[in-house]
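Notes to accompany the following structure.
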Amino acid sequence: MAQKIIIDTDPGVDDAMAIFFALRSPELDVIGLTTIFGNVHTHLATVNALRLLDIAGRPDIPVAHGADDPLAVPFGGPVPFVHGDDGQGNVNLPPSPRKAVNQSAAQFIVEQVMAHPGEITLVPVGPLTNIALALRLEPRIAQHTKQVVLMGGNAIVPGNATPCAEANIHNDPEAADVVFGAPWDVVMVGLDVTHNVYMEADDVAEYARIGNPMTEHVAAILPHYRKYFGDNYGIDGIYVHDSSAIAYLLDPTLFETIRRPVRVDCTHDIGRGKTWPALGERVDAPWQNRPDVTICTKVDSQRLVQLELNRMRGV
Ligand code: BDR
Ligand code: CA
């Protein structure tokens, strides 16, 4: 039976790629999208989630609108220089005829998890506010969620939002610290691996060649995103963030992992948003009584990229 997942997302160019990758994978049953600020404001994330499902021909999948701001401070603002003013590479899609469900993202997550205990995997690929709010609403979801496979964080490599912190965690460190500390099975697919998953120019060009509505949309939105990587990392291609979390669900043997408790820097100083695994022999007080998190440390980039492209080809 296909694995039921809820993708919590801030679409976002790489979010769109990840959502389509999941929808094209028969092992996965996407039972809903929940939206969050990050790459764009939450209202645009919701509009984009609905538009992406229209493109995929999946208007049956519900979208639930999420939090507009982080737990502790106002949202710092979107990143149009990465994802475009519309979050989709400035292609300005028409609005969807559909609307979000009449439930918040946190309520939707709680309702679904409690209705299908042990069956649902949460896949957050944006800031973790909705997941922390769902835990606050119903702490028992920690026992009843199958797994949380999230894109975010940096264990031993630099950040991308700041020298210290990865963007999703930096956008709501307080929420991330709650999620890493709850008694459930969390997998962190962070920059330690995603900055090593490289789609080169020819892989990117493959999206235009495959020629279905989803790959055509990705081909249209990638140039803006690709320019960001060229300007900032000097690469002729892109790093694969959110799709790496989907790839973990499909084939965890793509990754090497370690298991350690994780804390998040919630200070309002230069380290804000840094994820700190207890890496040494000692587990000092701040990490004690916290569950081990599965942290991805290495990845087979070529195999992952081919898996994603094959799924988009329908193989
Ligand atoms: C993460 O931040 C967002 O810009 C991407 O969509 C991804 O989820 C990478 O740090
Ligand atoms: Ca994202």
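Within segment 61-84, one or more residues are touching a Pro at 6+ places or on another chain (Cβ under 9 Å), within 11 Å of ligand 2 (Cβ to nearest atom) and in contact (Cβ under 8 Å) with a residue 24 or more places away in the chain.
Here's the yes/no breakdown for (1) within 23 Å of P139 (Cβ to Cβ); (2) aliphatic (A, V, I, L, M):
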position: A2; (1), (2): no, yes
position: V13; (1), (2): no, yes
position: R24; (1), (2): no, no
position: I36; (1), (2): yes, yes
position: L71; (1), (2): yes, yes
position: Q88; (1), (2): no, no
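I'd like the residue in segment 36-59 that is closer than 12 Å to G12 by Cβ and hydrophobic (A, V, I, L, M, F, W, C) and, out of all such residues, is surrounded by the most Cβ atoms within 10 Å (Cβ to Cβ). Top of the filtered list is I36. Taken over segment 26-43, residues that are out of contact with any strand residue (DSSP E or B) (no Cβ under 9 Å at 6 or more places or on another chain) and over 21 Å from N160 (Cβ atoms) amount to 1. Do you know which residues across segment 113-125 are assigned to a helix (DSSP H, G or I) and either crowded, with 24+ Cβ neighbours inside 10 Å or modelled with pLDDT under 95 (or both)? Of everything in segment 113-125, just one residue is assigned to a helix (DSSP H, G or I) and either crowded, with 24+ Cβ neighbours inside 10 Å or modelled with pLDDT under 95 (or both), namely V113. For segment 23-35, the criterion of being outside any strand (DSSP E or B), within 16 Å of ligand 1 (Cβ to nearest atom) and within 16 Å of V125 (Cβ to Cβ) is met by no residue. In segment 236-315, counting only strands (runs of 3 or more DSSP E) that sit wholly within it, none holds 3 or more residues that are charged (D, E, K, R) and surrounded by fewer than 18 Cβ atoms within 10 Å (Cβ to Cβ). Residues in segment 172-226 that are in contact with a Phe, Trp or Tyr (Cβ under 9 Å, 6 or more places away or on another chain) and without any contact (Cβ under 8 Å) to a residue 24 or more places away in the chain were compared, and the one that is nearest to R24 (Cα to Cα) is E216.
Residues are listed down the side, and each one gets a yes or a no for (1) at positive phi; (2) away from ligand 1 (no atom under 16 Å from the Cβ):
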residue	(1), (2)
G12	yes, no
L44	no, no
D54	no, yes
G57	yes, yes
D60	no, yes
H83	no, no
N92	yes, yes
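Just one of the numbered conditions (1) under 23 Å from N171 (Cβ atoms); (2) crowded, with 22+ Cβ neighbours inside 10 Å is not true of Y233: (2). Among the residues of segment 49-63, at least one is under 23 Å from H224 (Cβ atoms), touching a strand residue (DSSP E or B) at 6+ places or on another chain (Cβ under 6 Å) and among the aliphatic types (A, V, I, L, M).
Take G89 and tell me if it is touching a residue at least 60 places away in the same chain (Cβ under 8 Å), more than 16 Å from ligand 2 (Cβ to nearest atom) and assigned to a loop (DSSP other than H, G, I, E, B). It is false that G89 is touching a residue at least 60 places away in the same chain (Cβ under 8 Å), more than 16 Å from ligand 2 (Cβ to nearest atom) and assigned to a loop (DSSP other than H, G, I, E, B). The test for being within 12 Å of ligand 1 (Cβ to nearest atom), within 14 Å of the chain's Cα centre (by Cα) and under 20 Å from T297 (Cβ atoms) does not hold for A176.
The values are calculated or read from the model by the stated rules, or taken from the named source; none is laboratory data. Since we're looking at a predicted model, the values are computed, not measured. Methodologically, a virtual Cβ is constructed for each residue, glycine included, from the backbone with ideal geometry; neighbour enumeration extends over all protein chains shown.
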